Amino acid sequence: MLETYERAAELCARLDDAEEAARITTQVTWGLWAFYSVRSDIPRALIHGRRLLRMAEQHGTTSDWMVAHSSMAVATYFGGDLAACRLHAEAAIDHEAANPDRELSTASPQDLGVNALSSLALAAWHRGRGDDAASWAARALELAKHFKHPYSEVFAGSWAARLFQSRRRPEETLRLADAVVETSERHGFFWATQGLFFRGCARVQAARDRGEPIPDSALELMVQGLGAYRATGARLSLSYMLAQVAEARLWRAELDVASGLVREARDAAADDLESYWRPELDRLDAEVARARGELELADRCFLSGWELARAAGDHALALRGSLSWARLLLDRGDVDGARRRLEEALTPMRAADERDVVEARALLDASLR
């Protein structure tokens with residue numbers, strides 16, 4: 001596939017019609033961006049995203065700008081640059097707002113407005129704005145349904161399922177995952193792999209919430225979805241998916257397996273320069289160390305995850321790590337240390353009903369008694 005896109009880029013340079021050459025070159029460059037993105041080669045994806053921006057500066061159509069900014073939003077999100085993701089996603093949405101009567105964009109398989117809204121939703125959650133994130137995700141789904149475009153619907157549904165899984169909302173995650181699987185199987189879309197994965201995630205989280213053992217069937221769905229996803233050659237978000245399986249194994253007290261999965265996730269993130277989920281990998285390592293009684297190692301891992309999250313402006317993952325760290329500190333009798341961690345992590349959060357916020361406030365209140 002890569003050779004085909006590179007050959008197409010060469011042929012574009014030979015076209016005599018400048019307008020036609022510009023249009024096709026944008027499509028080919030987007031194809032190269034998509035190839036490297038799905039393979040999670042973030043540096044090369046960013047290179048082609050910046051090329052799309054330069055092309056938009058030259059040609060200036062609404063479609064060109066939406067292609068460029070929505071592509072950059074995705075690449076910067078997975079690269080861990082949440083501020084840039086938000087700026088590019090908002091820019092794409094602004095261009096869409098300037099053309100409210102536009103038709104479905106055809107420069108990518110999914111509508112570009114849906115793409116931008118979905119990216120903005122995830123970035124908003126990481127930045128501590130869970131309610132805003134849910135609103136952006138709902139808008140993405142509404143836009144996809146407005147166009148009656150099944151591929152855009154499963155794209156938006158899959159990214160929304162990821163959002164609600166990150167928020168630890170199993171009912172919403174399962175509803176979205178089921179819809180993704182149903183539509184994908186009906187149309188033959190590869191997004192069924194993601195739907196199966198998030199269906200398993202939701203069932204694992206639901207069992208955890210009920211205080212029940214993690215069922216084999218739920219874990220098998222996660223493994224099945226992950227395996228099918230990897231079989232396509234896709235690597236984007238592999239560190240995130242491996243981390244979800246690792247946490248499920250951790251909850252089953254399968255410490256060696258969980259630790260091995262985190263190592264695999266780290267290797268994937270390092271190979272691909274996929275940075276956005278690294279704070280969680282540190283937290284999971286800390287939880288494994290804590291379960292093994294290696295408390296000094298747990299402290300170091302919690303601190304590393306905290307520093308990574310804070311540097312990225314990732315308030316949601318900073319809070320999640322702090323919540324786990326505070327529990328360790330309370331177990332050791334360090335009430336003041338636990339309180340400081342929770343208070344600092346809660347300050348930038350803007351969604352009062354976010355599950356981690358609720359749990360952190362409850363733990364903080366309990367520590368004051």
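So the values come out like this:
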quantity: Computed [θ] at 222 nm, deg cm²/dmol, the chain (DSSP H ≥ 4; -39,500 (n - 2.57); rounded to nearest 500); calculated: -26000 deg cm²/dmol
quantity: For segment 268-324 versus segment 131-163, the gap between their alpha-carbon centres in whole angstrom; calculated: 29
quantity: Check: the chain dipole with +1 on Lys, Arg Cβ and -1 on Asp, Glu Cβ, in debye; calculated: 620
quantity: Among 165-176, 315-326, the order from most to least packed when residues are scored by Cβ within 10 Å on average; calculated: 315-326, 165-176
quantity: Val223, Val74, Val67 arranged by Cβ crowding within 10 Å, fewest neighbours leading; calculated: Val223, Val74, Val67
quantity: Reciprocal mean inverse distance between Cα atoms of the chain - Kirkwood radius, Å; calculated: 21.3
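Values in this text are rule-based calculations from the coordinates and carry no lab data. Quantities reported herein were computed from a predicted structural model and do not represent experimental measurements. Every residue, glycine as well, gets a Cβ built from its backbone with ideal geometry; the counts of neighbours run over all protein chains shown.
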